[in-house]
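Input: a single structure, listed below in structure tokens.
The values are calculated or read from the model by the stated rules, or taken from the named source; none is laboratory data. Please read all numbers here as calculations on a predicted model, not as lab measurements. Cβ coordinates were reconstructed from backbone atoms using ideal geometry, including for glycine residues, and neighbour counts include every protein chain displayed. Accessible surface areas use protein heavy atoms only, side chains included; no ligands, DNA or RNA. Shrake-Rupley method; radii C 1.70, N 1.55, O 1.52, S 1.80 Å.
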Amino acid sequence: MRLVLVGPPGAGKGTQAEFIAEHFRVPKISTGDIFRANVSGGTELGQRAKRFMDAGDLVPDVVTNAMVRDRLAQPDATDGFLLDGFPRNVAQAGELDGILDEIGSTLSVVLDLDVDHDEVVRRLSGRRTCKNCGHVWHVEFDPPASENACDKCGGELYHRDDDSPETVRHRLEIYAQQTAPLVQFYDNRSQLVAINALGTVEDVTERAIDALTPFAD
Ligand code: AP5
Ligand code: MG
């Protein structure tokens, strides 16, 4: 299964990626998570990405594409992968086509998580992310037992810097300008499957797995 997840900020890509990747036994590759790990690790890549992420802008394609190319060359991605957050514009989709072409492969499917604007804002304002394992919680919709600790690993929970209301607004504009055309691009190629991403996390996971199963090898 070579799968791409798309959807606006806060649609639940990271949340669903964890369950979908586990179900289809493929590695979850989240470009946002890789960038954040590099920012907190103070690497050169993190330093190059940070100001774009803080502003809610896309990190330049040249930086992102090189990072994804390296990650997809790792042995665990040979037999399949789930990409969360890449591609995010039509140029990145071209890069992904090129990478897959080189290894004689193609994408299985692109899953679009469909949610409305108000729900996205509600989801992002209450999000808490684990510093250690990256699991995503929500203070109201999926609360951890204790306010500041991850139930899964005990790690510290934090509120992402780019979840301030102004930055969220900008990220949604960037989505509309750059990523929405990508959704259309995959639809035109008949590679897109969209699901309604409203409802409980479990309901959405079930819908996602049902929609994706026909594309599994
Ligand atoms: P990234 O980390 O990918 O952020 P994003 O696309 O804005 O998406 P989010 O992670 O905010 O939302 P999500 O859809 O994963 O939702 P989640 O599951 O957390 O990217 C961050 C930045 O990195 C970008 O702005 C850019 O700068 C850079 N970047 C990354 N990729 C790039 C690329 N390809 N090119 C260039 N730059 C790139 O859920 C949100 C909340 O909702 C959580 O609290 C969760 O618990 C809750 N929730 C989830 N599902 C449900 C449900 N069904 N019901 C109720 N609550 C729910
Ligand atoms: Mg995410």
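Within the set Ala37, Ala55, the sole residue that is modelled with pLDDT of 95 or more and within 12 Å of ligand 1 (Cβ to nearest atom) turns out to be Ala55. Quick test of your reading of the structure: Val4 fulfils all but one of (1) over 19 Å from Leu172 (Cβ atoms); (2) assigned to a helix (DSSP H, G or I). Name the failing condition by number. Unmet for Val4, out of (1) over 19 Å from Leu172 (Cβ atoms); (2) assigned to a helix (DSSP H, G or I): (2).
For Asp142, the stated conditions hold: it is over 30 Å from Arg51 (Cβ atoms), among the charged types (D, E, K, R) and buried (at least 16 other Cβ atoms within 10 Å of the Cβ). Looking across the range 21-31 at every residue that is open to solvent by 20 Å² or more (accessible area, probe 1.4 Å) and assigned to a helix (DSSP H, G or I), the one that is farthest from ligand 1 (Cβ to nearest atom) is identified as Phe24.
Criterion applied to Gly199, Gly155 was being of a type in the set (Gly, Ala, Ser), open to solvent by 30 Å² or more (accessible area, probe 1.4 Å) and over 20 Å from Gly85 (Cα atoms), and the one residue passing it is Gly199.
Of all residues in the range 69-116, those that are assigned to a loop (DSSP other than H, G, I, E, B) and more than 16 Å from Ala11 (Cβ to Cβ) total 12. Listed conditions (1) buried (at least 20 other Cβ atoms within 10 Å of the Cβ); (2) more than 16 Å from ligand 2 (Cβ to nearest atom) are all met by Ala77, apart from (1). Determine whether Val63 is more than 15 Å from ligand 2 (Cβ to nearest atom) and part of a helix (DSSP H, G or I). Judged against the criteria, Val63 is a match.
Only a single item in (1) open to solvent by 40 Å² or more (accessible area, probe 1.4 Å); (2) modelled with pLDDT of 95 or more is not met by Asp217, and it is number (2). For the range 146-167, the tally of residues that are modelled with pLDDT of 95 or more and either aliphatic (A, V, I, L, M) or near ligand 1 (Cβ under 8 Å from one of its atoms) (or both) stands at 2.
Looking at Arg123, Arg69, Arg51, Arg128, just one residue is in contact (Cβ under 8 Å) with a residue 12 or more places away in the chain, basic (Lys, Arg) and open to solvent by 80 Å² or more (accessible area, probe 1.4 Å), and that residue is Arg69. Kindly provide the set of residues from the range 171-184 that are open to solvent by 50 Å² or more (accessible area, probe 1.4 Å) and hydrophobic (A, V, I, L, M, F, W, C), ordered by number. Scanning the range 171-184 gives a single hit, Ala176.
Looking across the range 50-60, just one residue is outside any loop (DSSP other than H, G, I, E, B) and under 16 Å from the mean Cα position of the chain (by Cα), and that is Met53.
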